[in-house]
1. Mind giving me the nanometre distance, one decimal, between the label points for residue A:323 and residue A:218, set 7 Å out from Cα along Cα→Cβ?
2. Mind ordering A:234-241, A:247-254, B:2-9 by average Cβ neighbours within 10 Å, highest first?
3. Please give the peptides A:188-197, B:52-61, A:13-22 ranked by average Cβ packing (other Cβ atoms within 10 Å per residue), highest first, as a rough proxy for protection.
4. Starting from the Cα gyration tensor of segment A:223-361, multiply each eigenvalue by 5, take the square root, and state the resulting semi-axes largest first in whole Å.
5. Could you pull out the pairs from A:33/B:67; B:37/B:74; A:306/B:67; A:29/B:82 whose alpha carbons sit more than 25 Å apart here?
6. How crowded by other chains is B:135-147, given as the mean number of beta carbons from other chains within 10 Å of each beta carbon?
7. If you rank B:142, B:169, A:150 by how much accessible surface each has, with a 1.4 Å probe, what is the order from largest down?
8. Considering every residue in B:14-22, what mean count of other chain Cβ atoms within 10 Å of its Cβ is obtained?
Amino acid sequence: MRDIYELLNGIEVKTSAEDTLPVSEMEKKKVIKQLQHQIRTKKKRSYWKRMISAAIITFGLIGSLLVGLSFTSYAEDVPFLGNIFNFFSHDGHYVTYDEQAEKLDLVAESNGITLSIQDTVFDGRTLYITFMIETEKDLGETPWLNSLPRFTDTGMSGTERVTKIDEGKYIGVLETNHYAGHDFSEIEVEWIIDGISTEPNLEGTVFEGDWEFYFTVQATESRTIAVDNRWEIDGMTVTMDEIKITPMSFMIYYNHSVTEKLYNDWDFIFVEMNVEDDLGNVYPTLALGGYGDTDFDLNWMATYGKVDPDATQLILTPVIELSNSDTIGYDEDGNPIKASYRSVDSDADQEVIELEPITVEVK
Amino acid sequence: MKTNGTNFVRRLQMGKEDALEYIVDEYLPLVKGISYKILGPLSNEGLLEECINDIFLSIWNNAGKFKGDAIQFKSWVAAISKFKAIDYYRKAVKIKETGMDSLEFPVRHTVEDEIIQAENEKELMDLIHTLKPVDQKIVIMRFFLGMHSSEIAESLGLSKSAVDSRIFRARKKLSEKAEDFMLGGKLDERYL
C-alpha cells in the first residue's frame, strides 16, 4: 500500500544541532515505557489468537485424519529428510515449498531426544520450519514441542503438525506468523524448547530438556499487486489491500470494519476470500488470520497455494460469515450459557453473505 | 544479538523491541526539538507528549517502509516528526477555531489544509503517485512538511520560480485527476 511513510523516503529534511532539544534519562524512560505498553497492548487485542485456537482444533482434526489415512503410502516416500514438505503436502499445503527451502541441518540434543531442523522457508509473513525428532523414548503418536520460534517482538502465533514415521522417528512442520504491520525481508530466529510432551501444552508425559536454535532466514522473492476495492453491506465495510505473490504461495491482505451494533449482534465475524483463477482452478484457503487495534477494525491475511503459472487473472469473492457460539447449557434462570467456541456442525445462528467478485490481473 | 549503531534499522524492521529503545535513545532529542518548534506556540504539554509518542509509534509500525541507511533514516525520522507535528498543530488549531464564533470568522480552508486532512486517504496517496517523482517530492514537502518554496528549491536544486510553477501545476493536476477518478464526495471539492 502506498502511503505517506513510503513517500517520505528520500525526502531530505535538513536538521542541525539547533533542531534538537535536551532530553533527560527520565524522559526517555517514560517514552519507552509508554511505547512498550502500547505495542504490547496491541498484541493482546489481537484477534489472531482466537482465530488460531479455533484453527488448531480444525487443523488438528483434519490433519490427523488425513495423516492417518495416507500414512502408509507416504511413509515410504520419506527415505531422506529433504522432502518433509512433500510429506505434508497432500492436503494442498506446502506444494513446491521444498524448492524454495533453505537447508539448515541444525541439531540439538537433550534428555536423550535429538531435534533437528531441516528446512526453513519464510515468505515475509509466515515462517515454515520442517524438523525431525529422533529418540529411544516413547513420545507417543504426536509429540508436542510447546514452543514457537520467535523472530520479532510484535507478537506471534503458530501451528505445528508432527507425525510418527518410524519407531523413534517423527517429522513435523511448524508455521509461525507475526503481527507486525509490514512484512520482514530478513529475520533472526530464536527457538527455545524446554519440554516435549505427549499431549499439548506440556500435558501427558513430559520430557524436560533444553533444545535451542538460533538462525537467520531471508524472505523469498515476492511481488505485490495493489488492489483497490471496497464492498459495503449494512453495518460492515470490506476493503481490499493487496495480493502478494511468492514462488510457492500467495497472500491476500484485506480488512473489514463493522459497526458496534453488528459487532454486538454476533460472536464471530469472519471474512474469507474465495479465490479462483481464469483457468478454473480453485484455491483453498490454507491459513487465515486477523489482527487489529480495535475489535471493530480487523486486518486479515489469507494464505493460498502456488498460483498456476498459466493463470492471468484471479477472481476474488469475499464471503462474510457471521455466527454465534454454541450454547452449552442453561443457568438457574433459564438463560443460555454460551461457549467460547462454535463447533463445526453447530446449529447456533449463522449468516453467510457472499459479496460481488472482483478480477485481478496477475500477469 | 544487541541493537547498535550499525544494525538498528534492520532490527527495527525485524520488529525487535530493543531497537525501538535504541531509536528513542538516539532520536528523542531531535523528535522533541522538531515537535516543539511546531507545537510550542500552543503551550500544550500534553499534546506535545502525545505527538512525540505518536511519532515513535508510527516509526515502529511503518519501519518496513523505510528504505536506506542510517543517515537517511535520520532524515526519515525528521520528516515523519515534521509531518506529524504539523498534523497535530492543524488539528489542534481547528478545534480551537471551531470553539470560537465561527460565523464571524469563517475558517478558511486552503488546499494544503485539506490535503493534510486526507493523509490517510489511500486515494490521495495513489493520486500523488501519478505525479512525476520530482513533483511527488515537491507536493510532500509543501503540503505535508510545510516547507517554503525556497527551501524546497534548495533541497532539489531547482529555482524558486520553477518550484512555484510546479506546485501550481501539480495542484491543478491533482484536482483534475480527482475528478477523473470519480471519487465522488471523497476527494473532489472537499479536498482540492
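The values are calculated or read from the model by the stated rules, or taken from the named source; none is laboratory data. Here the structure is a predicted model, which means the values were calculated and not measured. Cβ coordinates were reconstructed from backbone atoms using ideal geometry, including for glycine residues, and neighbour counts include every protein chain displayed. When the accessible area is computed, the model is the full protein with side chains, heavy atoms only, and any ligands, DNA or RNA have been set aside. Shrake-Rupley method; radii C 1.70, N 1.55, O 1.52, S 1.80 Å.
1. Between residue A:323 and residue A:218, the label points sit 4.2 nm apart.
2. Final packing ranking: A:247-254, A:234-241, B:2-9.
3. The peptides rank, most packed first, as B:52-61, A:188-197, A:13-22.
4. 32, 16, 13
5. Those over the limit are A:33/B:67; A:306/B:67.
6. Taking all residues of B:135-147 together, the mean is 2.
7. B:169, A:150, B:142
8. Taking the mean over all residues of the peptide, I get 6.
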